[in-house]
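This report refers to the structure that appears directly beneath it.
The values are calculated or read from the model by the stated rules, or taken from the named source; none is laboratory data. Predicted, not measured: the structure shown is a model, and the values here were computed from it. Note that each Cβ is placed from the backbone with ideal geometry, even for glycine, and that neighbours are counted across all protein chains shown. Accessible surface is based on the protein model in full, side chains and every heavy atom, while ligands, DNA and RNA are left aside. Shrake-Rupley method; radii C 1.70, N 1.55, O 1.52, S 1.80 Å.
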There are 4 protein chains.
Amino acid sequence: MIEAGIIGGAGYTAGELIRILLHHPEVNLNFVYSTSQLGKSLYSIHQDLIGDTEIEFTSKINKEADVVFLCLGHGNSKRFLSENKFSEKTKIVDLSTDFRMKANDHSFVYGMPELNQEEIKNANFIANPGCFATAITFAVLPLAKNGLLNDDVHVNAVTGATGAGTSLSATTHFTWRDNNFSAYKSFEHQHLQEIGQSFKQLQSDHTSEINFIPNRGNFSRGIHATAYTKFSGELEDAKKLYSEFYKDAAFTFLTDEELHLKQVVNTNKCLLRLQKFGNKLLITSVIDNLLKGASGQAVQNMNLMFGLEEKMGLNLKAGYF
Amino acid sequence: MIEAGIIGGAGYTAGELIRILLHHPEVNLNFVYSTSQLGKSLYSIHQDLIGDTEIEFTSKINKEADVVFLCLGHGNSKRFLSENKFSEKTKIVDLSTDFRMKANDHSFVYGMPELNQEEIKNANFIANPGCFATAITFAVLPLAKNGLLNDDVHVNAVTGATGAGTSLSATTHFTWRDNNFSAYKSFEHQHLQEIGQSFKQLQSDHTSEINFIPNRGNFSRGIHATAYTKFSGELEDAKKLYSEFYKDAAFTFLTDEELHLKQVVNTNKCLLRLQKFGNKLLITSVIDNLLKGASGQAVQNMNLMFGLEEKMGLNLKAGYF
Amino acid sequence: MIEAGIIGGAGYTAGELIRILLHHPEVNLNFVYSTSQLGKSLYSIHQDLIGDTEIEFTSKINKEADVVFLCLGHGNSKRFLSENKFSEKTKIVDLSTDFRMKANDHSFVYGMPELNQEEIKNANFIANPGCFATAITFAVLPLAKNGLLNDDVHVNAVTGATGAGTSLSATTHFTWRDNNFSAYKSFEHQHLQEIGQSFKQLQSDHTSEINFIPNRGNFSRGIHATAYTKFSGELEDAKKLYSEFYKDAAFTFLTDEELHLKQVVNTNKCLLRLQKFGNKLLITSVIDNLLKGASGQAVQNMNLMFGLEEKMGLNLKAGYF
Amino acid sequence: MIEAGIIGGAGYTAGELIRILLHHPEVNLNFVYSTSQLGKSLYSIHQDLIGDTEIEFTSKINKEADVVFLCLGHGNSKRFLSENKFSEKTKIVDLSTDFRMKANDHSFVYGMPELNQEEIKNANFIANPGCFATAITFAVLPLAKNGLLNDDVHVNAVTGATGAGTSLSATTHFTWRDNNFSAYKSFEHQHLQEIGQSFKQLQSDHTSEINFIPNRGNFSRGIHATAYTKFSGELEDAKKLYSEFYKDAAFTFLTDEELHLKQVVNTNKCLLRLQKFGNKLLITSVIDNLLKGASGQAVQNMNLMFGLEEKMGLNLKAGYF
């Protein structure tokens, strides 16, 4: 069994990791570290877990664990790792933004299996992608792969309230969010950086703009993204490129039907639909922001790193309704 | 014109009062007092008011105002009034619980027009009823009026998230409340006191129990209550009692159709439906917790105190959808 | 008093018209025509109206009414008017798409006060704009007015479920729509026609593309739209153009704050926000699809046609929560 | 592997069964019978299943299947079984009401493992309990077991829109249900029969009334029920009875914390909380109406009938948010 630990156990992504790992056939949840919830049972915070486990939040870190997931606030992973040294065999999956951009001072691999599968299999340190970045990158990556990303991309995406984390805030207050909708961080969302990095990885001359308007939806989970750009070929050409690119993907599927968010909520899937209008290719992309956009993809990365079947523990039942 | 002031202008009930008073044909909104929002425009907080008014929150209180609405936290109205003396002509409408229970040390009239219309017309000080208390009392009052409240009353009611006020809290966080439901304060809700007082006012020998389970609904506005108790007469007898009791009510109506919450949301109405099953009379009652359950009833009380038409300024368009 | 009639009284826009007209100080609701609901009370269908009116749906049309609102399905207005002749003095406001495009065979004026105020004042026949068209046109019109609409416009907008009308359908079933999101009719929405017509009216050489992705939101009311296009001036230049264009608008306001849908839901307002990113101007626009996007704008048109104050009967209290 | 078939594959409970059975380690989904969807892929209806299976709806019934689940409308199971004879080894689990009441003309066992575990293990025909019946029966059954159900029980419960099935209807239209709430079938819900039967099974002299008010909630999944009745012992006595009764239950757990619906949505659990107020015992009960209240319990029954571990295939990840 793989002994797994979680650092920062009270947030949404930690909760989702716990839910998955508790029933993963090859994993033993070794410890869940949280100073704020120290000594409480996991189900006192993640309250659906009654009856599933009696584990408590701990302040003791097992530095010999096989894998450790970092569910810390952005900026805190770097500090945590400088203050806590794990054994050489311990693999790290970081869910923050801290190591997503390649740099000389770290050796984290960007953990997007559709992009970096082989590197992930051999990696010890994974920087898990952002949620918007996952939905948007998947929508456009096959074009970059084929050197076809030469014009502006226009992206509009909407995320659920869990995207804003557990902290109480004005825009996650029920009376504000209920039956509401708003755009935020237009053209300036922090995920644009990692999206651009992935495009450039596959199409080194990529310079066109990514115009991205994120929105707050009045639902809890999920990201729905539309992206369009000029594409000179036929729709069937585009479908061929995408089918080829995703032919081995474990969780990413193409469809010709209209997509909606609840097809993927509470699953690790990404669904993509292609349409052509005039000279523009429109791609619709849906994921669960906490699963394929965070904890599900993290476990997928773990499976790859440990040589397990990629989907192990991730055949999750969609809520659907 | 009636010069009106609001004390504590940043909360939900104050916002609703402002929305009503700005378009009330006989009222001038003289001041809105808020120390926390001092100097900001009203629409910086109540953000739908752009284009309606340029008034700012102020720290200056006009003690010569004709009417002042207290929208302070429970317990703060008493303190505020002891520290701030208004002119003799100034009428006070307090929306907190502070003066709802009759006592020797104050002369506030319980501001429920269906119960105390004549006293309200002559009052200078009004204790505005609680939201649950309004919905529940209206459901049962005609029985008390006729001395028929002799058995346990069983009440279940659900309120929207605005019932919990503007403070951020775990159970008003969108990710918690969305698509959720829970009971709270079962058998112990603070409104039981004022409900009991109203029953006793009309049926002095009333001693039966009021079993009340309040619930948190995943919507923003409204209260839906069901109440049942033993009733030996026929359904038609009950309808006659209720019709008689509410025949002059400005906003309370009976119907034989199934009720739902959105019939009254964003209005000052209370709708009631009577049914009989075996020896039990079931009454369903719906109101908007912020209007008939708070600010709307407060303006209704103001209208009565100033000899205005009872519905003036309160013909509000339901949102309905 | 203006004697007003409604043709097709059971749908959402008819319901909203009734709600407004019942309390309009210069209007008497003369008749509500509906063959499907014949003889029922208005409140049996529009169930919030209990206590407001005892009017019943009728099959008799008063052809001498001062104004008649057509709330028929798209395509039915034309047929209805050919089969029913009204008096010469009767003014018609049609809420369908039938007469929105200028043509030689009709004399309807496109009823967008911000665009055609003077024509509306003198019109007898009004084609009331579409909901998406209203939100989007308002976002871009000042650019067209100044001949600056020379590059593609990228529009993403989301509408509530009332936008789909009263008919039951798969995508308005609660279990589907709840907590869901989806795009539809991308690049091909029928409102593109009237939007283009309005742009061309102000900028006759307008030829750039309007890329429009409509979305279904999981809320009942409201439209939130973002639109961006290249703009060579500074943000302040744009604000000046917009302020100038909307300086006399009764319900359209600019703000520098982040917008959200609930600022306008249940009101007749349109709020606009301008931002500049690189060489692009981003405009956010919010309206209530049933009010400013339909029945509210219809009454605004009526007010203008009859020489009444433009906002009369339209100072509606926002639900806000 | 157990070869499993589903009759009536297009509805909600069939969808949930498919989702569970596709990943059940001991089951092969042999066929899904649907005449209305004949020849379509399962994921054309249950649209989250893209990538999970290529099975199509069929009109061919394998009468040698090991187990067949009937997901037909109430009243149709009886007719279907009279027209279709299965092999002697085929076990039947019926999700309709048709066989829930004991009768001389059938040998179905009421499939509530907490009540009839041993009978289920030996059964060939299971009548799967109703959703409300499950939530409510679990709340009170330990009292009946101990002969303590001697006074009226007062029950209020709210269900999600999936409880109304897939048919489009006025009260499952999004614009009606969104942010709404209503009671229905008060005192007369059809599940009262089977609830009474279960109480009488454990307490043969049971005659007290069950006062049950069902409500429609504005969420898709889940049932939240409160039930109270007179109880002369202490709270600790009640807890002891309940702990004892549910000590071997696979999915039913007691807690002292406040319950909410999302603790159980998308799981097969039932959570119960006990409180004592005066002489009354209040029990709160939450389940997922489609899982523990339907398809989850059906698979639990299948596990028991085939001697499998009771929880096999049912360790479902809660959606939680």
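Key figures
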| item | result |
| --- | --- |
| Number of the exception - C:GLY307 against (1) within 17 Å of the chain's Cα centre (by Cα); (2) closer than 19 Å to C:VAL93 by Cβ | (1) |
| Enumeration of residues in the stretch C:267-281 that are within 11 Å of chain A (Cβ to nearest Cβ) and touching a Lys or Arg at 6+ places or on another chain (Cβ under 7 Å) | C:ASN279, C:LYS280 |
| Residue match in the stretch C:9-28 (condition: of a type outside the set (Ser, Thr, Tyr) and touching a Cys at 6+ places or on another chain (Cβ under 6 Å)) | yes |
| Those residues of the stretch C:238-255 which are within 16 Å of C:GLN297 (Cα to Cα) and of a type outside the set (Asp, Glu), in sequence order | C:TYR246, C:ALA249, C:ALA250, C:PHE251, C:THR252, C:PHE253 |
| Selection count, the stretch C:301-321, where residues are more than 12 Å from every other protein chain (Cβ to nearest Cβ) and in contact with a Gly (Cβ under 7 Å, 6 or more places away or on another chain) | 1 |
| Number of the condition not met by B:ILE136 [criteria: (1) of a type in the set (Val, Ile, Thr); (2) touching a helix residue (DSSP H, G or I) at 6+ places or on another chain (Cβ under 6 Å); (3) not assigned by TED's automatic domain parsing to the domain that holds B:THR207] | (3) |
| Single unsatisfied condition, C:HIS24 versus (1) buried (at least 23 other Cβ atoms within 10 Å of the Cβ); (2) within 20 Å of the chain's Cα centre (by Cα); (3) more than 9 Å from chain B (Cβ to nearest Cβ) | (1) |
| Cross-chain or 6+ apart pairs with Cβ under 8 Å, the stretch A:1-29 first and on the phi > 0 side of the Ramachandran plot, then open to solvent by less than 10 Å² (accessible area, probe 1.4 Å) and assigned to a loop (DSSP other than H, G, I, E, B) | A:GLY8/A:SER34 |
| The stretch B:169-187, residues that are surrounded by 22 or more Cβ atoms within 10 Å (Cβ to Cβ) and of a type in the set (Val, Ile, Thr) | B:THR172, B:THR175 |
| Any hit, the stretch A:248-255, residues being among the charged types (D, E, K, R) and within 9 Å of chain D (Cβ to nearest Cβ) | no |
| Qualifying position, being in contact (Cβ under 8 Å) with a residue 60 or more places away in the chain, surrounded by fewer than 18 Cβ atoms within 10 Å (Cβ to Cβ) and in contact with a Gly (Cβ under 9 Å, 6 or more places away or on another chain), among C:GLN190, C:GLN197 | C:GLN190 |
| Number of positions in the stretch D:140-196 that are of a type in the set (A, V, I, L, M), within 7 Å of another protein chain (Cβ to nearest Cβ) and in contact with a strand residue (DSSP E or B) (Cβ under 6 Å, 6 or more places away or on another chain) | 3 |
| Options D:THR166, D:THR175; residue that is part of a loop (DSSP other than H, G, I, E, B) and closer than 29 Å to B:GLN263 by Cα | D:THR166 |
| Those helices (runs of 4 or more DSSP H) lying entirely in the stretch D:40-155 with at least 1 residues surrounded by fewer than 19 Cβ atoms within 10 Å (Cβ to Cβ) and among the basic types (Lys, Arg) | D:76-83, D:113-121, D:131-145 |
| Residue check for A:ALA298: under 23 Å from D:LYS317 (Cα atoms), within 12 Å of another protein chain (Cβ to nearest Cβ) and small (Gly, Ala, Ser) | no |
| Conditions (1) under 25 Å from C:ASN128 (Cβ atoms); (2) in contact (Cβ under 8 Å) with a residue 12 or more places away in the chain: number failed by C:SER204 | (2) |
| Verdict on D:THR90 being farther than 26 Å from D:ALA238 by Cα, of a type in the set (Ser, Thr, Tyr) and in contact with a helix residue (DSSP H, G or I) (Cβ under 8 Å, 6 or more places away or on another chain) | no |
